[in-house]
Amino acid sequence: MAKGRSLLEPNEIDAVAIGILATAGPDGLSIPRLARQAKVTTGPLYRRFDTGEDVTYDIWSRVLRAHLQRVLNALLAARTDDTSSEADWVRGELARPGVESLATLHVLATAHRLGPVGEQVRRELDDDLSALVTRESSMPGLMVLAHATLALGSWLMAKSWPTIGESTATELSTFSVAYANPAFWSATGQHVPYRAPAPLVTLSGDRAIDDLRLATMKVVSMYGCASATANRISRVAGRSVTSAYRQLGGKNELLADAITHALHSDLGFSGRESTTAVGFGREERLTRSFQVLRNQTSDDNRENRLFMLEVFLAAHDDPMIATKVAAWLEGVRERFTSAATRLGDTSESGPMIRRLETRIGGGLGSLVLSVVAPRWIALYDPMPAVVANDSVMEYADHQNS
């Protein structure tokens with residue numbers, strides 16, 4: 001049928017909707033946009049759906065939920081057989097995630113602001129995680145969830161830092177073996193005092209700029225980057241739009257200023273502590289890694305981590321934000337390389353770099369999981385996973401070489 005056809009072909013509609021979710025997320029999935037990209041009229045779509053959120057849930061329930069289940073099953077099965085076709089497939093989804101993986105990430109990461117649809121997604125994910133942890137009852141729950149965070153972190157950084165996924169795919173067996181090792185299961189974090197991150201304070205010397213920066217972060221954490229309008233930001237800041245334009249500019253300038261400031265602030269997402277910790281003794285390394293993980297998942301840090309998550313998601317589709325994130329990540333990678341060099345690994349893609357990248361990917365995956373499934377993050381002591389991750393780094397071997 002010619003362009004503008006009214007007859008729907010479900011497989012084609014699914015593919016177009018998944019493609020939109022993979023890049024722009026649920027924010028970008030409207031029925032007019034779906035019809036335009038699928039080259040169909042809107043009538044048949046409106047007979048099935050009222051909003052883009054309805055389409056999002058339909059795709060989640062029929063396609064993406066099953067895709068995530070397959071990924072998690074394959075990751076856990078790879079512990080005992082990493083040569084199977086499923087193991088090869090899931091390594092490919094880590095290194096070069098397809099549209100279904102990226103669409104799954106965007107739906108999960110934004111479910112907290114999708115209203116009733118998001119609540120249903122979160123309930124169903126909770127059910128799936130419960131079934132998974134119950135099935136894998138021979139392992140501590142957090143060790144099971146660690147496989148999920150490896151995937152989510154790889155997908156989150158797929159556009160900004162693709163070597164995280166490649167490193168995770170390469171090191172998957174090493175980390176899976178560590179997570180399955182009962183030697184780490186008795187480790188406890190109760191002896192490590194958690195230090196909640198201090199509230200973010202911007203000391204620019206200009207009260208108006210500080211108000212606008214903090215308001216931008218608040219608005220982005222609530223609505224996402226795409227919906228963070230200058231009007232919303234100025235209203236939350238208690239400033240006029242005219243004042244916002246005079247101080248920093250329009251929406252793009254407000255976002256750029258807040259993102260630049262946040263990326264270079266101590267929000268616990270830079271990898272600064274975990275990478276500089278490699279030169280310390282084991283107890284100090286574990287304590288620092290524990291603090292970074294807790295900062296990425298604590299309710300005390302919710303607004304900051306929501307802001308960072310929205311920024312990383314927006315980098316998939318927004319060139320300005322992608323440029324800001326890429327420049328910051330280059331600095332993080334330089335710190336990784338320096339840390340690995342101090343431990344005797346001078347290769348740019350050697351095992352130390354791969355394992356450092358895998359660890360930060362897993363940490364960022366914990367950030368995603370803490371937003372969509374906070375009960376599971378709060379349920380388990382993270383210290384066994386911290387100890388297992390530390391063992392993978394093989395610090396002693398490098399320090400003694």
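Please treat every number below as a calculation from the coordinates, not as lab data. If you're wondering where the values come from, they're calculated on a predicted model, not measured in any experiment. We place every Cβ from the backbone using ideal geometry, glycine too, and count neighbours over all the protein chains shown.
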Pairwise Cα inverse-distance average, inverted: Kirkwood Rh of the range 282-344 (Å): 13.8
Listed residues 392, 66, 35: farthest to the positive end of the dipole of the chain (Cβ charges): 35
DSSP H segments from the chain that extend 20 Å or more along their own axis, Cα-based, with Kyte-Doolittle mean of 1.0 or above: 10-24, 141-156
Label-point gap, in nm, between residue 66 and residue 299 - each point 7 angstrom along Cα→Cβ: 3.7
Solution diffusion estimate, µm²/s, Stokes-Einstein, the chain, Kirkwood Rh from C-alpha pairs, 37 °C, viscosity 0.692 mPa s: 149
Count, lysine Cα pairs under 27 Å in the chain, 8 or more residues apart or across chains: 7
Candidates 73, 295, 304: whichever shows maximal mean-square fluctuation once the chain is modelled as a Gaussian network with Cα springs under 10 Å: 73
The range 35-101: mean projected area of Cα convex hull, nm²: 5.6
Inter-label distance, nm, simple model (7 Å from Cα along the C-beta direction), residue 378/residue 83: 4.6
